[in-house]
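Only the coordinates and a few stated rules stand behind these numbers; no lab work does. Just so it is clear, the structure is predicted and the values come from calculations on it, not from any experiment. Here Cβ is always computed from backbone atoms with ideal geometry, including for glycine, and neighbour counts include all displayed protein chains.
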Amino acid sequence: MGGGTAHPAHTHGGGGGGSGGGGPLDVWLPVLALLVCAAAYALAVRRVRRRNPAQGWPPTRSMSFAAGLVLMAVALLPPLAPFAHRDFRGHMAQHLLLGMYAPLALVLAAPVTLLLRVLPSHRGRRLTAVLRSHPARLLAHPVTALLLTTGGLVLLYFTPLYDTAMGRPGWHWLTHAHFLLSGWLFAYVIAGPDPAPARPGVPARLVVLGLAIAAHATIAQLMYGGFWVEVHAPIAEVQGGAEIMYYGGDVAELLLAAALVTTWRPVRTPRSGYGTRLRSVRRPTGRLDEGIRDGGP
């Protein structure tokens, strides 16, 4: 719609009608996928603990992974999922859970590190090579992650894509996948404990996080005011969804900032001694190889 304050496009239909959301497959497929993920993570943790009982695996990471799966279940299962199909406010709550809260919990579970410790040495080196490749470095750059997250919101809510996706179940699930994967990527490059060779320093990541906060706030304010929004739903629903995005997004980004601070490992500058200097230099760059050493046969 044009640059006005009225909502002529928001006069008919619910926030997402047309894509179902109540069939058996809409319930059992997410349940099955979540159970498979939980089982895979649990088996990997068990294998790590068997290989190295002294080191083991931090219980807090397992709890974080479980919390991420629970948040995904809340977003994808009743009662929220059917509500999200008929009310835009439910859709926005679903978006926050899938795109911000669940990804952060999953990232703090360090799944890449766990995988490196489980894989045999030669496969771990292959995965390390992939993580160090130029395409992976480009994808795992904070600016790329920022463009994927905020750009996806602009395309979804300020073009006819939202109504198209809500009317087609396949597109609807692709939207969920984009929320989850782009949110996971952003949390990973900003504050993830997993290895990331292209991750810049903390000041640069804080700048990108600040840009994300500003972008989300701007999108929510434009949506609340009805400027250029292409979501065909009642005005009250759109404004309610904008408020959920504004305040819920702030909380999620504060949690991400806290995770950045708590997972930050400053590089210590040695005072003297070649051996000390070598250890301090190798510590931040050897995180990729840590999992390979622990994950050998």
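Observations, loosely collected:
- For the range 69-81, Karplus couplings with θ = phi - 60° (6.51, -1.76, 1.60), whole Hz, Gly/Pro x: 5, 5, 5, 5, 5, 4, 6, 9, 10, x, x, 5, 4
- Residues Val261, Val229 arranged by fewest to most Cβ contacts within 10 Å: Val261, Val229
- Fewest-first sequence of Phe65, Phe88, Phe158 by Cβ atoms within 10 Å of each Cβ: Phe158, Phe65, Phe88
- Each Lys or Arg adds one and each Asp or Glu takes one away; over the other residues whose Cβ falls under 11 Å from the Cβ of Ala217, this sums to -2.
- Cβ-derived FRET efficiency at R0 41 Å, Arg123 paired with Arg168, nearest 0.05: 0.60
- The length gained on full extension between Leu29 and Ala214, counted as 0.36 nm times the residue separation minus their Cα-Cα distance, comes to 63.0 nm.
- Fewest-first sequence of Val112, Val189 by Cβ atoms within 10 Å of each Cβ: Val112, Val189
- Placing unit charges on the Cβ atoms only, positive for Lys and Arg and negative for Asp and Glu, gives the range 114-209 a dipole magnitude near 540 debye about its Cα centre.
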